[in-house]
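Since the structure comes first, as structure tokens, the remarks are kept for the end.
The values are calculated or read from the model by the stated rules, or taken from the named source; none is laboratory data. Please read all numbers here as calculations on a predicted model, not as lab measurements. Because the Cβ atoms are built from the backbone with ideal geometry, glycine has one as well, and the counts that use them run over all protein chains shown.
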Amino acid sequence: MKLKLRSLHNNKGFSLIELLVVIAIIGILAAVGIPTYVGYVSGTQKTNAMNEMQAIYMVQEEYKASSSANAYYGDGNSCSPSLAGSTNINTELFGGKEQLDTSDPKFYFCVASGGADDGGFKIFAERLDGTDEMTLNANNKKTGW
């Protein structure tokens, strides 16, 4: 008479060690991937703000050509980027179209008349927290790009 012994290796599932290894691998991938993704998003937002500044730059020429005073649009000799500044640019330069995002902005904008070195106007942009400050003037001189 033969006795059948149950196999101890017939268990189904994962051991605790295997699960810990998988969790460690996922943690390493997340530690590398998340900061990279955030960097890409931040870079894309900054590039979008630069594109918006270029759009403002081009529309300024149209504004000057159609202005009876032959002058550029500006909020005085200096300005600080804000939601109100972005809204004013949408109204005055883009004819009320929401070219600059005012519902969920990543950057604020404003346009100042500029000094003698600016050629007629200076566009300012910065993130909502005051970082990534950029400027562009009528002479196409850029800072913070």
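Looking at (1) loosely packed, with under 15 Cβ neighbours inside 10 Å; (2) modelled with pLDDT of 95 or more, which is the one condition that is false for A125?
Condition not satisfied by A125: (1).
Every residue in segment 48-69 that is among the hydroxyl-bearing types (S, T, Y), in a helix (DSSP H, G or I) and surrounded by 11 or more Cβ atoms within 10 Å (Cβ to Cβ), please.
Hits for segment 48-69 are Y57, Y63.
If we scan segment 91-103, do we find a residue that is under 20 Å from T143 (Cα atoms) and not aliphatic (A, V, I, L, M)?
No, segment 91-103 has no match at all.
For segment 72-116, name all the residues that are of a type in the set (A, V, I, L, M) and surrounded by 13 or more Cβ atoms within 10 Å (Cβ to Cβ).
The answer is L83, A84, I89, L93, L100, V111, A112.
Restricting to segment 87-138, and then to whatever is assigned to a helix (DSSP H, G or I) and touching a strand residue (DSSP E or B) at 6+ places or on another chain (Cβ under 8 Å), can you tell me which residue is nearest to M50 (Cα to Cα)?
By that ranking, first place goes to I89.
Considering segment 107-145 alone, what residues qualify as being more than 15 Å from C79 (Cα to Cα) and of a type in the set (D, E)?
D117, D129, D132
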